[in-house]
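Working notes, beginning with the structure itself.
The values are calculated or read from the model by the stated rules, or taken from the named source; none is laboratory data. Here the structure is a predicted model, which is why all the values come from computation and not from measurement. Note that we place each Cβ from the backbone using ideal geometry, even for glycine, and neighbour counts take in every protein chain shown.
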């Protein structure tokens, strides 16, 4: 195994563990909500909880749109050393998210009955309708906190305070569980109390994150004077893909709940709510695998390293099959215990939940493989393909499958739609790849869907590893000669050389001072007339303030190489992945 293979394997394992833990912590509270509701409050409360699921997903759409746009724009400004502009973007996203959340909360409280009608909580369902209204009214008070947590969390990553994000997620989960138990055993607040417990938990989590901005060394502040409303349009446009994903997910939930009510009334929607709730825990497996693939794949794509991308996909698929098949078997065998967790004493609801779990769980291996490819294509920039796959996977395949199977299988059609829709998802990827290649193919390399000229010839790439200050000397001349040999003009070749030597020197000076062994890995490739530079190191994450000082120094002669390259570069992006700093520069 080469050094690059070992690095990819280590990175993938580390990112996978972190994503699994963080998603588990953020999801477990929601799952416990469902278990406590079903086991202690009964079938009617579980059905009402299920009917509110489309609403719970809907209210997260706009903050999620803003947060994606904010992350992209803040990363670009930080990469350029423009800290004030990054604060303006953060402030705009926070203000827009909070204002929208307050408006939706007010509308929910004023028009709860009408929203219950939209969610299909009909009068004919009896007590389920007022229970649905109770939960909606309590949950609405937490919407501003949900928006704040959504906006604050990625800022912790950008501002080198990841641990606080983990503490906030743990606070949310633990307080929610504690609140649920107090509600059930002490206050007897019913479903309204469950909603209040969730609301309080989100406000506490928001408070934990808010403390970050009170720190003296916090780089991000709420700066209304730095806000420019013209950035809101760009922010929303960048985040539009989220609307497709979350919007179609809302439609899927609404479709399933309506079909469950139509086919089996309150019992049907209670069983579906239990299965959907537990699926939220299972889905962290494919989502974590996909997120790890997307994060590492994005870096490798930027480096245009086809062989490493292929190794990454093989590794991700290997892990996906091992983990998902193991979990599928465990859930199938443990379905009686899981179903019992969600049902109080109703035998009909228990049996329907049990059968549903054992039929639906077959979705997990198919979903894991499909999500890996979908997230990888997102990293590749194939946004149209990803958008189409998202719509098809969330609603496009499911609705026809359910409608076709329902006359023959009744409510079991809902459970069968879980695995069958993901089978259709994978078949779609297969057909798209075969069409792209012009032949039937099962080679993983073909499923990368990379352009023919993506890979870089050996004589068009330069790879250097620096482990001490002495090795920094001569980087400039070596890089300049390489670029000129590849046909790059003297000016850009010189700028690239100076920039690399300055960056590597800065990293050694400021990152190698902790007594530990470190490395700076430099990769330069030439594609046509473009020079792509990637500098990677395993030192501490960069400080946005120091980065801004490099770009805007008091001494005009300081860091001249870095600033010259920035002026002529088409891309100047920084990302930190699991204690590895990665800088991509294109000139």
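One line per residue, one yes/no per condition, for (1) free of Cβ contacts under 8 Å to residues at least 12 places away in the same chain; (2) buried (at least 22 other Cβ atoms within 10 Å of the Cβ); (3) within 30 Å of residue 316 (Cα to Cα); (4) within 24 Å of the chain's Cα centre (by Cα):
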| residue | (1), (2), (3), (4) |
| --- | --- |
| 230 | yes, no, no, no |
| 237 | no, no, no, yes |
| 257 | no, yes, no, no |
| 260 | no, yes, no, no |
| 272 | no, yes, no, no |
| 278 | no, yes, yes, yes |
| 289 | no, yes, yes, yes |
| 293 | no, yes, yes, yes |
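Would a scan of region 369-381 turn up a residue that is in contact (Cβ under 8 Å) with a residue 12 or more places away in the chain, touching a helix residue (DSSP H, G or I) at 6+ places or on another chain (Cβ under 6 Å) and closer than 17 Å to residue 281 by Cβ? So far as region 369-381 goes, yes, one or more of its residues are in contact (Cβ under 8 Å) with a residue 12 or more places away in the chain, touching a helix residue (DSSP H, G or I) at 6+ places or on another chain (Cβ under 6 Å) and closer than 17 Å to residue 281 by Cβ.
Each row is one residue, and each column tells you yes or no for (1) assigned by TED's automatic domain parsing to the domain that holds residue 25; (2) at pLDDT 95 or above; (3) more than 29 Å from the chain's Cα centre (by Cα); (4) more than 19 Å from residue 207 (Cα to Cα).
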residue	(1), (2), (3), (4)
109	yes, yes, yes, yes
120	yes, no, yes, yes
139	yes, yes, no, no
149	yes, no, no, no
188	yes, no, yes, yes
193	yes, yes, yes, yes
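Within region 477-492, the residues that satisfy the criterion of being surrounded by fewer than 21 Cβ atoms within 10 Å (Cβ to Cβ) and assigned to a helix (DSSP H, G or I) are 477, 478, 481, 484, 485, 490, 491, 492.
Has region 51-72 got any residue that is at pLDDT 85 or above and more than 21 Å from residue 245 (Cα to Cα)? No, there is no match, as no residue in region 51-72 is at pLDDT 85 or above and more than 21 Å from residue 245 (Cα to Cα).
Here is a yes/no grid of residues against (1) crowded, with 23+ Cβ neighbours inside 10 Å; (2) over 30 Å from residue 185 (Cα atoms); (3) outside the structural domain of residue 248 (by TED's automatic domain parsing):
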{"residue": "11", "(1), (2), (3)": "no, yes, no"}
{"residue": "27", "(1), (2), (3)": "no, no, no"}
{"residue": "42", "(1), (2), (3)": "no, no, no"}
{"residue": "97", "(1), (2), (3)": "yes, yes, no"}
{"residue": "114", "(1), (2), (3)": "no, yes, no"}
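Do we have residue 155 as in a helix (DSSP H, G or I) and without any contact (Cβ under 8 Å) to a residue 24 or more places away in the chain here? Walk me through it before giving the result.
On the way: in a helix (DSSP H, G or I): yes; without any contact (Cβ under 8 Å) to a residue 24 or more places away in the chain: no.
Answer is no for this residue.
The residues in region 207-247 that are over 28 Å from residue 378 (Cα atoms) and not in a loop (DSSP other than H, G, I, E, B) can be counted, and the count is 11. Beta carbons closer than 8 Å, at least 6 apart along the sequence or on distinct chains, pair a first residue in region 160-177 that is touching a residue at least 12 places away in the same chain (Cβ under 8 Å) with a second that is crowded, with 16+ Cβ neighbours inside 10 Å and not in a helix (DSSP H, G or I) for 160/541. Note on region 450-476: residues that are assigned to a strand (DSSP E or B) and loosely packed, with under 12 Cβ neighbours inside 10 Å total 0. Within region 486-506, being touching a helix residue (DSSP H, G or I) at 6+ places or on another chain (Cβ under 9 Å), in contact (Cβ under 8 Å) with a residue 12 or more places away in the chain and over 16 Å from residue 566 (Cβ atoms) holds for 486, 488, 493, 504, 505.
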